[in-house]
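Trainee: Here it is, the structure, as structure tokens.
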Amino acid sequence: MKNKKTFLIYVYYFFSFLGSISFFVIANFLQLENLEKYIFILSISTIFASTIYSSSIKSKLENNIIKINFTTNTVIVVSVIFIFVCLYLILNEDYFLTIFFILTIIYEVCFNLFSISFVKRNKTLNHSLLLLITSFFKNLSLLLFLIFLDLLKIISIFYILYSLFFMFNYKNLNIVFKPNQKSFNIIDFFYILTGTLIFQIDKIFGESLLSKNNYITYFLIFKCASTFQIIGSLLTQPIRNEMISTERVSGIIKKKLGSVVLILISLLILANILLLPLSKINFFNQYIFEIDIINILVFNFISMCIITHIYNGFYIDALFINNNGRILLMINSIIIFFIATSLIIFKSLVIWSLTMLIAQIIMLLISNSFYKKYV
């Protein structure tokens, strides 16, 4: 029974991830308008989603009630960033995009509260099913292309319906919000913010620095490469639990991590072999990404970037658990400056993806060095 449940969890997570990729492929195939603007807003909203989820994951479960603490300072800082983004969009005279951004944030709040209601109660099967159902209805919403060709309008309807569904079910989640009198740790907040930005800054900058075709291609390659993130997360979850409980990256953990990395690199080699038959399929080349030497390099650099992050993430998390948020913020700031400078100077997808890989290698070296010194 337990094995069947575990199998279903993996199946649901797999198909929800597949649904995430198929959504962009279908939208691209239907040639829906404003796909690049949707990716841009999605990338920005990820920063808020990470903050929401990070706050929620530290919530307390008491008598089956999830208590999420917040401080006035937290609300103020998040609100200032939210208003700044809205002003930026308004000043660019993109008023509907501003409305879409607001709807996206509302959706992210609803989705993450749904998620945390299952995660905190250790209902992994329900959580995987939530992701699958959400992915299914999001793909289903694309049928609205029969009425609208604007992707932003289609997804706006999906967001509104999803938010209404959340409102009708909120009481069943047993979630309460409690003001916290403790001082706000601004360092930890900006660590989370900058940490998220490291993996989103290329998608945010890309909307204005890349051509529409290159921007969409880059994002679709990233979505395909993120398969390694999903596989890596599944393989490393037991190891991560061990690291969190001991608060150290022990020799045994390093050995297990090394084995996971070898598996992921082997899968990457296999993926490259599979690209050969896929290069003969016109649909893949036209609506996902064209399989040529440039895009293959981009795919491999981004994939190795993700694999490297899976490894160095253990050192970063260990530093964070041991109250080294200030050091991590400094590391993140250096990495963001390096990435931003490279993205502005160069407009090549190969250099962009290589920059992301080099950034993760630098993070590994620096975080490993500080880990040895402070943990």
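Trainee: In segment 117-134, how many residues are of a type in the set (Val, Ile, Thr) and within 21 Å of residue 158 (Cβ to Cβ)? Working first, answer last.
Mentor: Taking segment 117-134 and keeping what is of a type in the set (Val, Ile, Thr), we get 119, 124, 133-134.
Among the residues that remain, those that are also within 21 Å of residue 158 (Cβ to Cβ) are: 133-134.
Here the count works out to 2.
Trainee: Same structure again: Among the residues that make up segment 133-140, is at least one of them farther than 24 Å from residue 47 by Cβ, open to solvent by 50 Å² or more (accessible area, probe 1.4 Å) and without any contact (Cβ under 8 Å) to a residue 24 or more places away in the chain?
Mentor: yes
Trainee: List, please: which pairs have Cβ atoms under 6 Å, are six or more places apart or on different chains, and start with a residue in segment 231-253 that is within 22 Å of residue 122 (Cβ to Cβ) and end with one that is hydrophobic (A, V, I, L, M, F, W, C) and at pLDDT below 80?
Mentor: 247/321
Trainee: While we're on this one: Being assigned to a helix (DSSP H, G or I) and under 15 Å from residue 213 (Cα atoms) is the filter here, so list the residues in segment 285-297 that pass it.
Mentor: Selection gives 285, 286, 287, 294, 295.
Trainee: Counting only residues that are open to solvent by 50 Å² or more (accessible area, probe 1.4 Å) and of a type outside the set (A, V, I, L, M), how many does segment 359-375 have?
Mentor: 4
Trainee: Quick one: would you say residue 316 is open to solvent by 50 Å² or more (accessible area, probe 1.4 Å) and either modelled with pLDDT under 95 or basic (Lys, Arg) (or both)?
Mentor: Spelling it out, it is not the case that residue 316 is open to solvent by 50 Å² or more (accessible area, probe 1.4 Å) and either modelled with pLDDT under 95 or basic (Lys, Arg) (or both).
The values are calculated or read from the model by the stated rules, or taken from the named source; none is laboratory data. A quick note: this is a predicted structure, and the numbers were derived from the prediction, not measured. Here the Cβ is made from the backbone with ideal geometry for all residues, glycine too, and neighbour counts use every protein chain on show. All accessible areas refer to the heavy atoms of the entire protein, side chains included, with ligands and DNA or RNA removed. Shrake-Rupley method; radii C 1.70, N 1.55, O 1.52, S 1.80 Å.
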